[in-house]
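Below is one structure, written out as structure tokens; the observations come after it.
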Amino acid sequence: MAHWHGVSDTRVMPPVIRIDRKIGWLNPRLGVGLAAWLIAGLASTASWASDADALALADQALEPAAARSDWQIFTEGMLGQVNQRAPLDDIRISRASVDVLLDTAINPDWRLTLANRVDWLGQDGQYEVVNTFKEGYVSWQAQPNAALDLGRINLRNGVALGYNPTDYFKVGALRSVVSIAPASLRENRLGVGMLRGQWVWEGGAVNAVFAPKLANRRQNAAFSPDWGASNSVSRYLLTSSVQVLPGFAPQFLLLGEQGQSPQLGMNASILAGDALTLYAEYSGGRSAALLLAAPALLPAAPVSWHSRLAAGGTHTFANNLSLSLEYHYDGEALNQSQWRALWLNPADYWAYRSAVFHAQSLPTQQAAMSFVSWRDAGVKALDLNWMLRRDLVDQSWQSWLEARYHFERIDWALQWQYQNGAPGSQYGALPQRHSLQAVVKYFF
């Protein structure tokens, strides 16, 4: 089961973190204090620069060219407060994280990629540790235009920002939710054990993936690789991209999964002007509705064709501000009457929401999202991000705002989250009303 940190994902069911594993061999207050002291000392030596410079020092115009590092490592600390709906008390939360990426050449034909993240999560004096083994695979460049990969790979498909119907390997991939930002949810998750073949040519590409079943059920142990979450059934995925017109190369997907009919998918994007990009992704196939998670309400759901869609566009303005608007649809989710009826049975309601969170899907059939990103927002190195999600079935909504300042090797961020809606709605049913987090991130 995934772990969340008070300020949960937009689709999280339960109220607060589950503390399953206390850290007996470490004093968390002392550890967090030492980490904060170390980061503060490092920050005092940081110089003014952009985040891009922190991640790619070789690109600095005034510095001599440096070799690309095989390692990317950062640590992150967070302190926050969660305001809950009455009669629940407010919650103090904290987090310390270490994220490591190794991407290195073994020889001219072989590469090794490893990615892992550890989160120490705290809530009102209780602590737990969650490890996410994101990737670990070897790549063989068999020919200049052909390659094979074997191991755990975080394969991300889809062109939309807030909801990805063709991101088939997202199901069950979250172990620890540290941010509801879409990029964080796609990056900080388990990869899938697979064999992947790739073949590219001028104007097109073909990928073939086979992901075998490796375990029957999820494992909650702190440092478990959790193959039951990523590889509980055998799957295959075929994708093909072909350039139809200059600047337009749609991608077609075919997913096969043990016990389910094949699913068809398509991704497409096009530059509609100097500053406007339009995009859409679609997935469809025969499947049972997600309401199967509420067996008392619907003992047997018929298998029928269901469509899932995300469509939108991004406009970039001259001042480095970009605005994205999206529409989301999931035919497997509940319509208005089904959603209202489900709320009458709390056990079925939360079982359904747990299944939706596990699938990273939509609880109701229609939603909308806007995302505003402003780089150098009036001040160099200051970025502002604002996300607004709205459920178009129950009219509840959620807002997330971030201000982030970049130094050469350190980021300081302040994040605020607010959710509102009627009782039983997607966002109104969650116990968290709003939260505030202060985050510091150091790049080695």
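No value in this document is a laboratory result; all are computed from the given coordinates. Here the structure is a predicted model, which is why all the values come from computation and not from measurement. Here the Cβ is made from the backbone with ideal geometry for all residues, glycine too, and neighbour counts use every protein chain on show.
Can you compute the modelled spin-label distance between Ala341 and Asp103, with each label point 7 Å from Cα toward Cβ, in nm?
That separation, rounded to one decimal, is 4.9 nm.
Can you pull out the trypsin sites (Lys or Arg not before Pro) in segment 205-280 that DSSP calls coil and that have at most 10 other Cβ atoms within 10 Å?
Arg217
Based on the alpha-carbon gyration tensor of segment 108-180 and its eigenvalue square roots a ≥ b ≥ c, which shape applies: rounded if a/c is under 1.5, prolate if not and a/b is larger than b/c, or oblate?
oblate
If you take the square roots of the eigenvalues of the alpha-carbon gyration tensor of segment 80-119 and sort them as a ≥ b ≥ c, do you get rounded (a/c under 1.5), prolate (a/b over b/c) or oblate?
Verdict is prolate for segment 80-119.
In what order do Met266, Met194 fall by count of nearby beta-carbon atoms within 10 Å, going from fewest to most?
Met266, Met194
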